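A.B. asks: Dumping the structure here so I can ask a few things about it.
The values are calculated or read from the model by the stated rules, or taken from the named source; none is laboratory data. Note that the structure is a prediction, hence the values are computed from the model and not measured. As a convention, Cβ positions derive from the backbone with ideal geometry for all residues, glycine included, and neighbour counts pool all protein chains shown. Side chains included, ligands, DNA and RNA excluded: accessible areas come from the protein's heavy atoms. Shrake-Rupley method; radii C 1.70, N 1.55, O 1.52, S 1.80 Å.
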Amino acid sequence: MTLLCVCLQMANLVTSLCCVVLAAVVVAYAQRRSQLVARNQYERMGSDVTMQCGSLDNDASVSWKVNGTDVKAQHHLEGPRLMLNEVDLGHNGLYSCFQNPHGERRDTIYLHIGIPPREPTVTCRSNTYPKGFYCSWHQLHPTYIPTTFEVDVQHNQRSLEVQQDPDHKNRCRVRFPEVFSSFPYKVNVTAVNALGKASSTISFEESSIVKPDPPERVTATPIRLNARRLEVSWHSPATWPDIDNFPLKYFLRYRPLIREQWQHVELSDSTSHTITDAYAGKEYIIQVAAKDTEIGTWSDWSVAVHATPWIEDPLPITSTTEVELTTGAKTSPIPSSNAPQKAENSVGSAARLLTYFSPLLLGILLLLM
């Protein structure tokens, strides 16, 4: 029995020693791994920066590289620390430190230079009334480092669910908890990064943010045999969910390209209109906007379309190759193609006769003298 107890105690001792050794190995591996994996360090642009090489003592001798190249001499080295003055975006990079004299790498730091966020610009709009609205935000000035946004929407003293828009990074969607609410909405957006945070808050009533998308599929067609008319038609925006219970009214504008002044027509709920005062033969530019009949603001203008009123087809031109005089007078025949040759023969005969009778005529003249 005594021998058995001694054996058990020795086995427990060996097991304990093995556990201690294993723990030490794990700690050493973790430390080594942490030295090899780059850690991020964020610093404000224009500030003085100090980077510490791991947990080395102050009297350790260390050399540094940035992006694989020796750090320039103007940077100050103090033991295991590297000091950079008035950093800017050019100081971004991967810094590695090595302990002398063997050059063993002890730490790796990815330095990010940026600025704290400023108050974001926030806007909200409902283009799907009465289903809900969306809010979007952006930074007027870049931060140069990753910046996230936290959104909180309050209505009637309770928080509303916020859904991230899958197609837009800086946009969220919120469902209206009730329609025709008299309680205002309060939206707070906070920009956050490693160097700080900043918030913006806006408040609004439901009716003030209703703004449809522009009308779609706008067309303009000339009307046959009418040189001053154009038939314009369009469709309500597909994003407007309930056109029957929440009808839209429309605003049409048009002008010829040769003029800068627009002409306007407001329509109650029709999706077509005939322009009756167009200039004949002039190309026109046409756009349409939409608005809820009761609340909100006008949409942006639709995509411009171009059209020209009907132009009468020109009469065909008749080409004639011969014109005959029908006055009854006789016309001289057109000389044939050998007429010049006949004239030449007549001139030659007259010359020969003159040559033959010249001596005779000369003799008669001498007798008369």
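A.B. asks: Out of segment 70-106, which residues are more than 23 Å from residue 45 (Cα to Cα) and part of a strand (DSSP E or B)?
C.D. replies: Answer for segment 70-106, where residues must be more than 23 Å from residue 45 (Cα to Cα) and part of a strand (DSSP E or B): 98, 99, 104, 105, 106.
A.B. asks: Same structure, new question: Between 192, 162, which is in contact with a strand residue (DSSP E or B) (Cβ under 6 Å, 6 or more places away or on another chain), closer than 21 Å to residue 122 by Cβ and open to solvent by 40 Å² or more (accessible area, probe 1.4 Å)?
C.D. replies: Sole residue among the options that is in contact with a strand residue (DSSP E or B) (Cβ under 6 Å, 6 or more places away or on another chain), closer than 21 Å to residue 122 by Cβ and open to solvent by 40 Å² or more (accessible area, probe 1.4 Å): 162.
A.B. asks: So which residues in segment 185-199 are touching a Pro at 6+ places or on another chain (Cβ under 6 Å) and not in a strand (DSSP E or B), if there are any at all?
C.D. replies: 195
A.B. asks: Answer yes or no: is there a residue in segment 83-91 that is among the hydrophobic types (A, V, I, L, M, F, W, C) and surrounded by fewer than 12 Cβ atoms within 10 Å (Cβ to Cβ).
C.D. replies: Taking segment 83-91 and keeping what is among the hydrophobic types (A, V, I, L, M, F, W, C), we get 83-84, 87, 89.
Next cut, surrounded by fewer than 12 Cβ atoms within 10 Å (Cβ to Cβ) only: 89.
Within segment 83-91, one or more residues are among the hydrophobic types (A, V, I, L, M, F, W, C) and surrounded by fewer than 12 Cβ atoms within 10 Å (Cβ to Cβ).
A.B. asks: Here is a list: 180, 176. Which entry is touching a helix residue (DSSP H, G or I) at 6+ places or on another chain (Cβ under 8 Å), touching a residue at least 24 places away in the same chain (Cβ under 8 Å) and surrounded by fewer than 16 Cβ atoms within 10 Å (Cβ to Cβ)?
C.D. replies: Selected residue: 180, the only one of 180, 176 that is touching a helix residue (DSSP H, G or I) at 6+ places or on another chain (Cβ under 8 Å), touching a residue at least 24 places away in the same chain (Cβ under 8 Å) and surrounded by fewer than 16 Cβ atoms within 10 Å (Cβ to Cβ).
A.B. asks: For residue 202, are the conditions met, namely being touching a His at 6+ places or on another chain (Cβ under 6 Å) and either assigned to a strand (DSSP E or B) or surrounded by 14 or more Cβ atoms within 10 Å (Cβ to Cβ) (or both)? Break it down stepwise before answering.
C.D. replies: Working: touching a His at 6+ places or on another chain (Cβ under 6 Å): no; either assigned to a strand (DSSP E or B) or surrounded by 14 or more Cβ atoms within 10 Å (Cβ to Cβ) (or both): yes.
The answer is no for residue 202.
A.B. asks: Additional query: Report whether or not residue 202 is under 30 Å from residue 56 (Cα atoms) and either without any contact (Cβ under 8 Å) to a residue 24 or more places away in the chain or among the β-branched types (Val, Ile, Thr) (or both).
C.D. replies: no
A.B. asks: Identify, from the list 143, 50, the residue that is in a strand (DSSP E or B) and either touching a Lys or Arg at 6+ places or on another chain (Cβ under 7 Å) or at pLDDT 90 or above (or both). It would help to see each step written out before you state the result.
C.D. replies: Values: 143 fails: in a strand (DSSP E or B).
Sole residue among the options that is in a strand (DSSP E or B) and either touching a Lys or Arg at 6+ places or on another chain (Cβ under 7 Å) or at pLDDT 90 or above (or both): 50.
Okay, residues lined up against (1) open to solvent by less than 40 Å² (accessible area, probe 1.4 Å); (2) part of a strand (DSSP E or B); (3) at negative phi; (4) touching a strand residue (DSSP E or B) at 6+ places or on another chain (Cβ under 8 Å):
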residue	(1), (2), (3), (4)
219	no, yes, yes, yes
240	yes, no, yes, yes
244	no, no, yes, no
251	no, yes, yes, yes
259	no, no, yes, no
302	yes, no, yes, yes
306	no, yes, yes, yes
310	no, no, yes, yes
